[in-house]
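The values are calculated or read from the model by the stated rules, or taken from the named source; none is laboratory data. What you see is a predicted model, and the numbers here were worked out from it, not measured in a lab. Every residue, glycine as well, gets a Cβ built from its backbone with ideal geometry; the counts of neighbours run over all protein chains shown.
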Amino acid sequence: MVGRWGVVTPFWGYPVSWARRCGQYLALLSALAVTSAALADMGASFYLQSPYRAVPALVLETDEQLAAAISALTTFPATLNPRLWNADGTFRQDVRERTLALVRSMFDRLAFPPETVRITDIDLLGSNISREWDEKGDLDVHVFLAAPASVAPADFEKLLSFYNRLTKLEQQGQITFNGVAVEVLFRGSRRPSEADEGGVPHFALWSQDPARVNRWFSMPGTIEDRFDRTDMQVKTKEVVGKYNALMVTYFADKPAFRCANFSDLLAQLRTYRSGEIVAAGQRSTGNLVYRLLHRLSMDVQEETDAAYRECTNIQWSLR
């Protein structure tokens with residue numbers, strides 16, 4: 001069977017039950033243990049010892065557990081997150097001051113020559129800028145920069161993308177405002193979803209244009225439900241099947257694994273989510289599936305990224 005994610009394998013295809021599929025993954029783990037022992041003389045088991053991960057982080061939710069997670073994710077709050085917002089829809093002053101101080105500190109670390117690069121806008125986006133937040137949602141702070149005309153836009157974006165990845169690895173969600181994790185992203189230009197007229201709720205915290213400061217764009221309100229819980233369950237299982245299979249294959253022989261399989265999966269997920277948002281909005285099946293994958297017993301996106309980094313490091317190693 002060829003699935004949506006381009007996988008040719010019979011054991012996660014439908015109508016195989018989720019419980020049976022979990023049993024098959026556990027059997028694969030047992031086989032992995034035997035394989036690791038058999039390869040010990042060749043040194044392959046070296047990469048199953050510290051500082052490397054010893055066992056794959058598999059997602060093994062039952063159908064019932066997955067349905068409960070979907071129900072929880074799609075039961076939306078009636079108000080904005082009170083840890084960030086006042087009852088009248090204004091941003092809390094303590095959070096505002098700390099956000100601006102954090103942005104300034106992170107911008108200063110870039111150490112651009114004076115008067116070359118400047119901050120033009122600081123916007124807040126994501127689930128915590130809407131009535132879709134939950135306990136695992138973070139505060140997305142998007143900082144837009146203007147560079148001199150002599151700097152190629154593509155090169156500038158690459159630099160900022162590298163810096164964003166570096167700070168994410170450094171911070172690891174440990175900066176929190178009243179218990180809400182904060183993620184600051186620097187941009188050289190706006191993506192369509194970040195446009196003022198993009199239809200996605202966001203809040204202009206600061207701007208060089210006084211007319212934008214403390215202003216809502218696409219004020220959060222009643223959003224049409226465009227998702228189907230049954231479809232969410234089917235698509236989540238499909239992605240989890242691909243993810244689990246990649247993990248088991250990787251741990252069976254880490255040095256021989258194609259690391260790009262992990263980055264390919266992440267790219268497929270981002271493309272799928274973006275397309276669904278464009279077609280059906282924030283409460284589309286695709287966007288909610290993407291969010292759900294962050295909230296399972298194993299965070300699919302984070303674990304895939306961690307495996308990609310470990311795989312790349314191993315393949316640069318000598319043994």
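Looking at LEU296, LEU292, LEU288, LEU318, can you tell me which residue is aliphatic (A, V, I, L, M), within 21 Å of ALA69 (Cα to Cα) and out of contact with any Leu (no Cβ under 7 Å at 6 or more places or on another chain)? Quick ask: steps written out before the conclusion?
Working: LEU292 fails: out of contact with any Leu (no Cβ under 7 Å at 6 or more places or on another chain); LEU288 fails: out of contact with any Leu (no Cβ under 7 Å at 6 or more places or on another chain); LEU318 fails: within 21 Å of ALA69 (Cα to Cα).
Selected residue: LEU296, the only one of LEU296, LEU292, LEU288, LEU318 that is aliphatic (A, V, I, L, M), within 21 Å of ALA69 (Cα to Cα) and out of contact with any Leu (no Cβ under 7 Å at 6 or more places or on another chain).
Criterion applied to ALA101, ALA111 was being more than 30 Å from ARG283 (Cβ to Cβ), modelled with pLDDT under 95 and over 21 Å from the mean Cα position of the chain (by Cα), and the one residue passing it is ALA111. So how many residues does the range 76-94 have that are closer than 11 Å to ASN128 by Cβ and outside any loop (DSSP other than H, G, I, E, B)? So the answer is 2. Go through VAL248, VAL240, VAL182 for me and flag whichever is hydrophobic (A, V, I, L, M, F, W, C) and in the same structural domain as PRO148 (by TED's automatic domain parsing). Checking each option against the conditions leaves just VAL182. Looking across the range 152-175, the residues that are surrounded by fewer than 14 Cβ atoms within 10 Å (Cβ to Cβ) and without any contact (Cβ under 8 Å) to a residue 24 or more places away in the chain come down to ALA152, ALA154, ASP155, LYS158, PHE162, ARG165, LEU166, LEU169, GLU170, GLN172, GLN174.
If the condition is being part of a loop (DSSP other than H, G, I, E, B) and over 22 Å from MET247 (Cβ atoms), then the range 60-75 contributes THR74, THR75. Flag: GLU170 does not match the condition of being modelled with pLDDT of 95 or more and assigned to a helix (DSSP H, G or I). Applying a threshold of 8 Å to beta carbon distances and a minimum spacing of six or more residues, or different chains, the list of pairs starting in the range 50-74 at a residue that is touching a residue at least 40 places away in the same chain (Cβ under 8 Å) and ending at one that is buried (at least 18 other Cβ atoms within 10 Å of the Cβ) and among the hydroxyl-bearing types (Ser, Thr, Tyr) reads PRO56/TYR250; LEU58/TYR25; VAL59/TYR243; LEU60/TYR25; LEU66/THR236; ILE70/THR236. Among the residues that make up the range 287-296, is at least one of them crowded, with 17+ Cβ neighbours inside 10 Å, of a type in the set (Phe, Trp, Tyr), free of Cβ contacts under 8 Å to residues at least 24 places away in the same chain and closer than 28 Å to ASP121 by Cα? Yes, some residue in the range 287-296 is crowded, with 17+ Cβ neighbours inside 10 Å, of a type in the set (Phe, Trp, Tyr), free of Cβ contacts under 8 Å to residues at least 24 places away in the same chain and closer than 28 Å to ASP121 by Cα. Of the residues making up the range 196-249, those that are over 21 Å from VAL141 (Cβ atoms) and acidic (Asp, Glu) are GLU224, ASP225, ASP228, ASP231, GLU238.
Suppose we keep only residues that are crowded, with 19+ Cβ neighbours inside 10 Å and of a type in the set (A, V, I, L, M, F, W, C) within the range 207-235. Which one would you say is farthest from SER274 (Cα to Cα)? Applying the filter and picking the extreme gives PHE217.
Where residues in the range 260-319 are in contact with a Lys or Arg (Cβ under 7 Å, 6 or more places away or on another chain) and of a type in the set (Ser, Thr, Tyr), which of them is nearest to LYS136 (Cα to Cα)? Can you show your working first?
Quick first cut of the range 260-319, residues in contact with a Lys or Arg (Cβ under 7 Å, 6 or more places away or on another chain) only: 265, 280-281, 283-287, 289-290, 294-295, 310-311, 314.
If we keep only those that are of a type in the set (Ser, Thr, Tyr) as well, we get 284-285, 290.
Numbers: SER284: 19, THR285: 19, TYR290: 13 Å.
Of everything passing the filter in the range 260-319, TYR290 is nearest to LYS136 (Cα to Cα).
Restricting SER193, SER150, SER189, SER207 to residues that are assigned by TED's automatic domain parsing to the domain that holds PRO114 and touching a Gly at 6+ places or on another chain (Cβ under 9 Å) narrows the list to SER193. Of all residues in the range 227-248, those that are within 12 Å of LEU265 (Cα to Cα) have Cβ atoms under 8 Å from Cβ atoms of residues that are crowded, with 21+ Cβ neighbours inside 10 Å and among the polar types (S, T, N, Q), 6 or more apart or on another chain, in TYR243/THR304; LEU246/THR304.
Please determine, by comparing only the residues of the range 123-139 that are acidic (Asp, Glu) and modelled with pLDDT under 95, which one is surrounded by the fewest Cβ atoms within 10 Å (Cβ to Cβ).
If we filter the range 123-139 for residues that are acidic (Asp, Glu), which is where we start, we get 123, 132, 134-135, 138.
Now drop any that are not modelled with pLDDT under 95, which leaves 132, 134-135, 138.
Numbers: GLU132: 22, ASP134: 15, GLU135: 9, ASP138: 18.
Here the answer is GLU135.
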